[in-house]
Amino acid sequence: PFLFPRPRGGGGEEDQERETLLMSEMNSRLKDWIMERSVRLVDEITNANFVYYESLKKPMVLLFLDRKQSNRGLLASMKAVAKRFHGKLSFGWLDGVAYAGKMSALGLTSTKLPALAINTMQHGRFAFPSTGQFTESGFTLFVEDFLAGRLKPGSQAE
């Protein structure tokens, strides 16, 4: 193993404190790196994996779907947007029938599916406009507006 020489001239406790802080910062960054790579780009959010998404401490773009419908196109659009904004937000989808209560908590005023919202820890909840297009460009515009601060938290816009 390669050893780094200790600086001469004391410092003992200060050096130890500095090493402890450095190791703590490295461990925190390593944990964040591992968590970032442990979560899929777009995945179904469940009670079992929600804690992983939450630990990323990023705004969550949540797409509520009707599982009885074919959602392949919606999920492909969501995945394309997720790739574009990877690292800035996390993306997931939920069963909109099973989690209808979560929809209203996010400011979605209708139970109509699909539905989309952004949930943040600090800045509130942002509902996709009821007139919004459930397409890659519609999702992209919504996310861009959110990141630029052009959206207002609260209920669904018309």
Apportionment of accessible area to carbon and sulfur, segment 57-158, percent (1.4 Å): 51 percent
With +1 on the Cβ of every Lys and Arg and -1 on the Cβ of every Asp and Glu, and nothing else charged, how large is the dipole of segment 79-158 about its Cα centre, in debye rounded to the nearest 20? 180 debye
Multiply the residue gap between Thr109 and Ala48 by 0.36 nm, knock off their C-alpha separation, and tell me the result in nm, one decimal place. 19.3 nm
Give, as a single signed number, the net charge of other residues whose beta carbon lies under 15 Å from the beta carbon of Leu65, with Lys and Arg counted +1 and Asp and Glu -1. +2
If one computes the Cα centroid of segment 119-150 and of segment 35-107, what distance in Å separates the two points? 13 Å
Given a 1.4 Å probe, the accessible area of segment 74-158 per residue, as a whole number of Å², is 54 Å²
Measure off 7 Å from each Cα along the Cα-to-Cβ vector at Ala76 and Glu14, then give the distance between these two points in nanometres to one decimal. 6.2 nm
If the cut-off is 28 Å between C-alpha atoms, which lysines fall inside it for Lys68, apart from same-chain ones fewer than 8 positions away? Lys79, Lys83, Lys102, Lys112
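The values are calculated or read from the model by the stated rules, or taken from the named source; none is laboratory data. Because the structure is a prediction, the values reported are computed rather than measured. So basically every Cβ, Gly included, is an ideal-geometry build from the backbone, and we count neighbours across all protein chains shown. Side chains included, ligands, DNA and RNA excluded: accessible areas come from the protein's heavy atoms. Shrake-Rupley method; radii C 1.70, N 1.55, O 1.52, S 1.80 Å.
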